[in-house]
1. From the list Thr507, Thr491, which one is surrounded by 18 or more Cβ atoms within 10 Å (Cβ to Cβ), polar (S, T, N, Q) and either within 16 Å of ligand 1 (Cβ to nearest atom) or under 22 Å from Ser409 (Cα atoms) (or both)?
2. Scan the range 168-186 residue by residue and report those that are closer than 22 Å to Cys28 by Cα and either near ligand 2 (Cβ under 9 Å from one of its atoms) or not β-branched (Val, Ile, Thr) (or both).
3. Among the residues in the range 234-249, are any within 16 Å of ligand 2 (Cβ to nearest atom) and in a helix (DSSP H, G or I)?
4. Mind telling me which of the residues Thr241, Thr208, Thr262, Thr310 ends up being farther than 28 Å from Pro454 by Cβ and among the β-branched types (Val, Ile, Thr)?
5. Residues being touching a residue at least 60 places away in the same chain (Cβ under 8 Å) and either more than 14 Å from ligand 1 (Cβ to nearest atom) or acidic (Asp, Glu) (or both): count how many of those fall in the range 279-300.
6. For the range 1-89, please list each of the strands (runs of 3 or more DSSP E) lying entirely inside it that holds at least 1 residues being over 29 Å from Ser317 (Cβ atoms) and over 23 Å from the mean Cα position of the chain (by Cα).
7. Condition (residue is in contact (Cβ under 8 Å) with a residue 24 or more places away in the chain and within 28 Å of Asp17 (Cα to Cα)) applied to the range 130-152: is it met by at least one residue?
8. Only one residue in Ala417, Ala430 is modelled with pLDDT under 95, surrounded by 13 or more Cβ atoms within 10 Å (Cβ to Cβ), within 16 Å of ligand 2 (Cβ to nearest atom) and not acidic (Asp, Glu). Which one?
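The values are calculated or read from the model by the stated rules, or taken from the named source; none is laboratory data. Every value quoted in this text rests on a predicted model; they were computed, and no experiment measured them. Cβ: placed from backbone, ideal geometry, glycine included. Neighbour counts: every protein chain shown.
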Amino acid sequence: MHDKRNIPGLRADSSWDLPEHLNMAAQCLAQPAEALALIDMTGPARRDISYGELAAMTDGLARYLLTRIQPGDRVGVLLSQSPWCAAAHLAIWKAGGISVPLFKLFKRDALASRAGDAGVRFVFTDAEGADLLGDLTEAVMVEGAGTDGGPVPFADTTPETPAVLIYTSGTTGSPKGALHGHRVLTGHLPGVAISHDHLGQPGDVLWTPADWAWIGGLFDVLMPGLALGVPVVAARLDKFTPEACAELIAEAGVRNIFFPPTALRMLKAAGQGLDGLRSVASGGEPLGAEMLAWGRRRLGVTINEFYGQTECNMVASSCAADFEPRPGCIGKAVPGHELAVIDAAGNPTEDEGDVAIRRGSASMLLEYWNRPEETAAKFRGDWLVTGDRGIWEGGYLRFVGREDDVITSGGYRIGPAEIEDCLMTHPAVATVGVVGKPDALRTEIVKAYVVLKPGAEASEQELQDYVKERLAHYSYPREVAFLDALPMTVTGKVIRKELKARAAEETQ
Ligand code: ATP
Ligand code: MG
């Protein structure tokens, strides 16, 4: 059980607890054999999977791998949430390979570019995945590949041995493969624990609607849950609907959830509250003060916002159990990660600057796969530069916007996050994306693309006045356009570059 004074992954002095030899599969299978590892809700009835069963599934696949891969070989995992998905990653790590999570919603080109870039030997998948792959690469069915014959030893790996190659969301450009060592799980543990008000309390059961092919599903939920002995729910909602979500929570006894902000916005727009939760963590996009307030009313918990990126995750977080959150801000630096806002010269600054993480963070990537220039460009001296702009407010990190999204208007630098957050508090607004639109006079003007709630009404003027009264005279949206939906990544993030392209087109 997680005691508040002991943050998992860290020693008492907040240094990383990384042994000389470390294998994530061993870390994830360290609980008693009879303990509950996974609650499988993907079939017609609930099925409980113990650590012993998960270890046996892992061994079967690991034995298959032993004769087929060399240490460091990449093996794809094209499986959605299921015990087999977990076992596939664990087996690859156990055998000393590098797992490459692939998303079931990818079409052929998206799969081809990632599998090709990673140079996978083959892909662990199911019949559906084999169809998707076609002749792209060899598909190995997980059910059936496993062979009996007793336990397989854990490959002798270190914290720095490559273990997982995971692609970024591709929100700003083409997805990049972040290569992580076996220390990446340890690097996530402190942030995961505190973003759930000390995960590992009696009765905790963890779930996320985010797919396990992404860092948020795989390393914010599945693997930390296994490592901390907190049962993880494997479920697939064909479509995320508020009713299906509420039903699953009740049936599986979910108490702790990682909700991407977009899922929370959908619940809010549908007027759906949830009961029985002990903790809700959210990150990946700005949460905003309005959603924090809504969470207290309708989820009965204070949502803990966290921050990180595929390259270095879980580096800032709130923890309502330990300190009051600051509405509109993310939270504080997570112990173990040295987080800073730095200027162009690489020095920490009190002003707005680049959010950066000092080398030494256990969740920091080893490198971008096959992209030495991009790896070099990611660092400024000892700092990994996230590409996000931020500012400290009384020890809390405020997210201003992605560097490319910050709007320059009439000499002011305006972060879209604050304007979006403000508009979200308007009762008619379901969701909103704010971007800079090229403007001859002001360089850019603030443009808001708004999706209204079903049946709700609001005029451009009304929304402009709403922001003007609450933020600053210069940051109100000079233009407001109404859309039926915003362009979203498959992970549910607003693709501002598409809104920007649209705005630029309107200018011409
Ligand atoms: P790509 O790098 O391919 O463009 P991406 O940056 O969206 O895609 P991820 O690594 O999944 O890929 O997302 C990390 C980014 O998400 C962060 O750099 C930041 O911009 C944003 N983000 C994460 N957490 C938060 C948060 N709490 N508030 C605001 N933004 C966040
Ligand atoms: Mg990124």
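1. Thr491
2. Ala178, Leu179, His180, Gly181, His182, Arg183, Leu185
3. no
4. Selected residue: Thr310, the only one of Thr241, Thr208, Thr262, Thr310 that is farther than 28 Å from Pro454 by Cβ and among the β-branched types (Val, Ile, Thr).
5. Qualifying residue count for the region: 3.
6. 47-50
7. yes
8. So the residue among Ala417, Ala430 that is modelled with pLDDT under 95, surrounded by 13 or more Cβ atoms within 10 Å (Cβ to Cβ), within 16 Å of ligand 2 (Cβ to nearest atom) and not acidic (Asp, Glu) is Ala417.
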